[in-house]
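The values are calculated or read from the model by the stated rules, or taken from the named source; none is laboratory data. Keep in mind that this is a model prediction, so the values were computed, not measured. As a convention, Cβ positions derive from the backbone with ideal geometry for all residues, glycine included, and neighbour counts pool all protein chains shown.
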């Protein structure tokens, strides 16, 4: 419980930031409308995603698929929470796990409450475009990449001391 309380403000901040940005975009911007932020590189483009990462399965029409995706997401969230509590007390690892948990919670909340996830950050160059994403996706990605690096360097340091 102590670990939960320690990181709760960070998780709440990420969740609230994610929900506020999605709500603003959803209320103020029409679907597929976009605004250039950095011309030729970054724009705000409102899209909806009923699928999973990078819009995979987003064109489905079946409520069954949406339910399955939501159940899998909630299960993955619980696994992450268990791993968080079982992890050793390594500050950076725990922070990045909170990034992933809070981001996942933000997207799960959207699926349950809205039936879809609001995506709006588009990075592009000429005809190339990264799939549109949101604040929650950003925190999930940063958390996963950071944990991979931490684990890689932890294992590398452990093997060099043997």
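Return a yes/no flag: does segment 33-54 have any residue that is assigned to a helix (DSSP H, G or I) and within 14 Å of the chain's Cα centre (by Cα). Checked against the condition, which is being assigned to a helix (DSSP H, G or I) and within 14 Å of the chain's Cα centre (by Cα), segment 33-54 yields at least one hit. Those residues that are under 11 Å from the mean Cα position of the chain (by Cα) and either touching a residue at least 60 places away in the same chain (Cβ under 8 Å) or over 15 Å from residue 13 (Cβ atoms) (or both), I need them from segment 118-139; list them, please. 119, 133, 134, 135, 136, 137, 139 - these are the residues of segment 118-139 that are under 11 Å from the mean Cα position of the chain (by Cα) and either touching a residue at least 60 places away in the same chain (Cβ under 8 Å) or over 15 Å from residue 13 (Cβ atoms) (or both). Among residues of segment 97-117 that are in contact (Cβ under 8 Å) with a residue 40 or more places away in the chain, those with a Cβ under 7 angstrom from a residue that is assigned to a loop (DSSP other than H, G, I, E, B) and buried (at least 22 other Cβ atoms within 10 Å of the Cβ), sequence gap 6+ or separate chain, pair up as 117/134. Considering only residues in segment 93-133 that are in a helix (DSSP H, G or I) and in contact with a strand residue (DSSP E or B) (Cβ under 6 Å, 6 or more places away or on another chain), the one that is surrounded by the most Cβ atoms within 10 Å (Cβ to Cβ) turns out to be 107.
Just one residue in the set 10, 38 is more than 17 Å from residue 107 (Cβ to Cβ) and touching a helix residue (DSSP H, G or I) at 6+ places or on another chain (Cβ under 6 Å); that residue is 10.
The condition of being touching a strand residue (DSSP E or B) at 6+ places or on another chain (Cβ under 8 Å) and closer than 18 Å to residue 131 by Cβ does not hold for residue 18. Kindly check whether there is at least one residue in segment 56-70 that is at pLDDT below 90, part of a helix (DSSP H, G or I) and in contact with a helix residue (DSSP H, G or I) (Cβ under 6 Å, 6 or more places away or on another chain). Yes; the residues of segment 56-70 include at least one that is at pLDDT below 90, part of a helix (DSSP H, G or I) and in contact with a helix residue (DSSP H, G or I) (Cβ under 6 Å, 6 or more places away or on another chain).
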